[in-house]
Amino acid sequence: MKIGIDCRLYGPKHTGLGRYTQNLVENLLKIDKENEYALFVKDEKTEEIGNLKIKYSFHPPNRRIKFQIIAVDIPHYSLKEQTLFPSVINKEKVDLMHFTHFNVPVFYHGKYVVTIHDLIKHFSKGASTTTKNPLIYRLKYLGYKFVFGQAIKRAEKIIVPSQFVMEELIKQYKIAKNKIVVTYEGVDKNKKPGDNAILKKYKITKPYLLYVGNVYPHKNIEKLIEAIKILNQPLITLVVVCARNVFSERLKKIITQSGAESFVKMAGYVPDDELAVLFWEAEAFVFPTLSEGFGLPGLEAMALGCPVICSDIPVLREVYQEAALYFDPVNPADIAEKIKLFLSDKTLREKLKNLGSELAGKYSWSRMAKETLSVYQSV
């Protein structure tokens, strides 16, 4: 069987979705001895995935080439994606296509499975969530809802990262439960922190609390900043690791306007090997999000021995279980209280660190890839 995978959002620069796509591809190519793969990538990603080709292309002479890379200059969420991408896929004659995000071209009529990471855009809307003017935003939102609805309606199977997302899909779209497959994401348990001179590079001083991820409104970073202000511990800094974009610039303005510059450090984007050091050296990873599909950053923190303090929301309870300290994300006073409790209780800190390390060991990218391969084989 020839399987196509949409890899246009590949790698850690694309946050959780990019990590998911990268780890899916890497692990499928390790475990699958039968199928052939066509990886559709953006032009600038061909070299990165090309290195993977060198790594995993050792096959006996009688074996077919295991996978091919197709470079496509087709941006996500674009008209070209809807009109031109289907013909690019059809040209490769794939038996099954895996779209790793909701944006399946409505004019693609081949057999496919789709991964739905969350329904955040269904509920997180309004002026603060966009850089567009209200009319353009409204049109794009309607387009999103239409494409999303068509994607799940026509899919052979829908892959989701948690029971929570499955339940949300069923509630919103009345989908049959047997059409949805939960494949929990994983963490790299072999990742080790490097030289702590990295802290000096980013001008970070200990002790500090860490947040890693994008800073879209639903991530609720403003409430965390309010909480740090209430905490009023001059020695503690909040380090925010995020890509530089319109939303990070908005956050910088908020930090300045609220007088939080003395205790909030914007570190920008940090590569994975250096990020491991930041996790390892942090007092805790603090995750004030209002909505998630899975919550991968918290597991990555746990795998590196960094305790987690996070929002008390259903999906994080599902994934983190008893290995995190939970707070009310809309109440800065409660966030501050839980951080204060954590910092003052050494026994609690050690308990969370140990529980987190144990829990992270249960989440495997290899298992996720095997479960995804089973989905391919079932349709």
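No value in this document is a laboratory result; all are computed from the given coordinates. These numbers were taken from a predicted model, which means no experiment stands behind them. A quick note on method: Cβ atoms are made from the backbone with ideal geometry, for glycine too, and the neighbour counts reach across all protein chains shown.
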Which listed residue (276, 251, 289) has the Cα farthest towards the positive end of the charge dipole for the stretch 241-304, taking +1 on Lys and Arg C-beta and -1 on Asp and Glu C-beta about the Cα centre? 251
Check the stretch 289-379 and count each lysine pair with an alpha-carbon distance under 30 angstrom, considering only pairs eight or more places apart or from different chains. 12
Placing +1 on the Cβ of each Lys and Arg and -1 on the Cβ of each Asp and Glu in the stretch 73-188, which of 163, 102, 144 has its Cα farthest towards the positive end of the resulting dipole? 144
Looking at the square roots a ≥ b ≥ c of the eigenvalues of the Cα gyration tensor of the stretch 299-344, which shape do they give, rounded for a/c under 1.5, prolate if a/b is larger than b/c, or oblate? oblate
Run the quick spin-label model on residue 201 and residue 73: label points 7 Å from Cα toward the beta carbon, then report their separation in nm to one decimal. 3.3
For 266, 97, 368, ascending order of other Cβ atoms within 10 Å (fewest first) is 266, 368, 97
GNM top mover of 210, 139, 348 - the chain, alpha-carbon springs below 10 Å: 139
Ranked from highest to lowest mean number of other Cβ atoms within 10 Å per residue, what is the order of the peptides 301-311, 173-183, 76-86, 274-284? 301-311, 274-284, 76-86, 173-183
So what is the calculated 222 nm ellipticity per residue for the chain, using -39500 (n - 2.57) for each DSSP H run with n of 4 or more, over all residues, to the nearest 500 deg cm²/dmol? -13500 deg cm²/dmol
Residue-ordered couplings for the stretch 159-174, obtained by feeding phi - 60° into the Karplus form 6.51 cos²θ - 1.76 cosθ + 1.60 and rounding to whole Hz (Gly and Pro as x), are 9, 10, x, 7, 4, 4, 5, 4, 5, 5, 4, 4, 5, 7, 10, 6
Looking only at 356, 298, 110, which one moves most when the chain is put into a Gaussian network model with springs between Cα atoms under 10 Å? 110
May I have the pair-distance distribution P(r) for the chain, computed from all Cα-Cα distances with 10 Å bins from 0 and rounded to whole percent? 5, 22, 32, 25, 13, 3, 0
Inter-label distance, nm, simple model (7 Å from Cα along the C-beta direction), residue 30/residue 84: 3.6
In Å, the Kirkwood hydrodynamic radius from C-alpha pairs for the stretch 197-360 sits at 15.6
